[in-house]
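Here's the structure, in structure tokens; my notes come after.
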Amino acid sequence: MSKLRAAIYIRVSTEEQKNNFSLKAQESIIREYAERKGIEVFDVYCDDGYSGKDYNRPEIQRLFRDLNDDKFDVILVWKVDRLSRNNTDVLTFIDKHLTPSNKKLVITSIDIDSSTTTGYMFISLLSTFARYERATIIDRVNSGMQKRAEEGLWNGGKVFGYDNVMKKLVVNETESKIV
């Protein structure tokens, strides 16, 4: 019997990078898992600085192409929210792409896979929680930005004609002449 070939998928968003969420740690943990299970790593797909809100990421798209070209048998991710924070996207991907082609998604942090009834159920639950967590993060950020605005503080970005000084907008005399 030949070894399973695996695609390792790792991802961090810009926000997670600020919190020292490590791509190297994810990859190392997944590689150790693959070695313990006797799974051959085909390739590592790494989206660095991309949100998990959808699949509009270069490396996940490359993974999808390689999946269609039958280059691996299983996708290994540390946690389901690395693949996506949208439960509908995760389950549709399993139902429409993995299951029909006899492939599976494995969540290595809890050793479950999408090919079993129990694994599918847990992935469904975990992806629902990932979606909830994303919505909660958005609510917190929006509340924080609203509070900053109410206090007269700048929420970020560059505005022609102004400089950001100590988190407040100050007129840039040179640029203001153009404005």
Notebook entry, point to check: Ranked highest first by the average count of other Cβ atoms within 10 Å around their residues, in what order do 75-82, 25-32 fall?
Noted result: 75-82, 25-32
Notebook entry, point to check: What accessible surface, in Å², does a 1.4 Å probe find on residue 42, ignoring ligands, DNA and RNA and rounding to the nearest 10?
Noted result: 80
Item checked: Largest-first ordering by accessible area, 1.4 Å probe, given options 3, 53, 24, 103 -> 24, 3, 53, 103
Notebook entry, point to check: Rounded, prolate or oblate: which fits region 1-131, taking a ≥ b ≥ c as square roots of the Cα gyration tensor eigenvalues, rounded meaning a/c under 1.5, else prolate when a/b beats b/c?
Noted result: rounded
Note to self: Nearest 10 degrees is fine. How inclined is helix 23-37 to the longest principal axis of the chain, computing both from alpha carbons?
What the structure shows: 10
Margin query: Under 5 Å between amide hydrogens, which residues at least 5 positions from residue 4 or on another chain qualify, with H placed 1.01 Å from N in the peptide plane?
Written below: 40
Next item on the list: With a Förster radius of 25 Å, plug the Cβ-Cβ distance of residue 111 and residue 65 into 1/(1 + (r/R0)^6) and report the FRET value to the nearest 0.05.
Entry: 0.35
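The values are calculated or read from the model by the stated rules, or taken from the named source; none is laboratory data. It should be emphasised that the depicted structure is a prediction, and the values quoted were computed from it without experimental measurement. Every residue, glycine among them, receives a Cβ derived from its backbone with ideal geometry; neighbour counts consider all protein chains shown. Each accessible area value is taken on the protein alone, full model and side chains, heavy atoms only, with ligands, DNA and RNA left out. Shrake-Rupley method; radii C 1.70, N 1.55, O 1.52, S 1.80 Å.
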